[in-house]
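The values are calculated or read from the model by the stated rules, or taken from the named source; none is laboratory data. Values in this document were obtained by computation on a predicted structure and should not be read as measured data. Positions of Cβ are generated from backbone atoms using ideal geometry, with glycine treated the same way; all protein chains shown enter the neighbour counts.
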Amino acid sequence: MSLPEPNVILRGGPLERADPQRLRHVRDTEMTLKIPVGNAYEHFHPTPETVLHDGSELRVFEWARRTYVAE
């Protein structure tokens, strides 16, 4: 089973250095994306912007904030 094609690109935030995988596939491009990183979550909000990448139109998600996992 192959992975779905990326439909979003992440921009900004601390993942610029920590996560080289800026292209992702998400089911709902209207919802905030919450990515677990260590003991925190990086939150990315969808924007109305799109970019063309390797012939595919990707929705841009902009970094919004970090929240921490409750202990």
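The table below gives the values:
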quantity: Some residue of the stretch 41-64 being surrounded by 12 or more Cβ atoms within 10 Å (Cβ to Cβ) and not in a strand (DSSP E or B); calculated: no
quantity: The stretch 22-71: number of residues that are out of contact with any Lys or Arg (no Cβ under 6 Å at 6 or more places or on another chain), farther than 17 Å from Glu5 by Cβ and aliphatic (A, V, I, L, M); calculated: 6
quantity: Identity of the residue in the stretch 1-33, hydrophobic (A, V, I, L, M, F, W, C), surrounded by 15 or more Cβ atoms within 10 Å (Cβ to Cβ) and outside any loop (DSSP other than H, G, I, E, B), that ends up modelled with the lowest pLDDT; calculated: Leu15
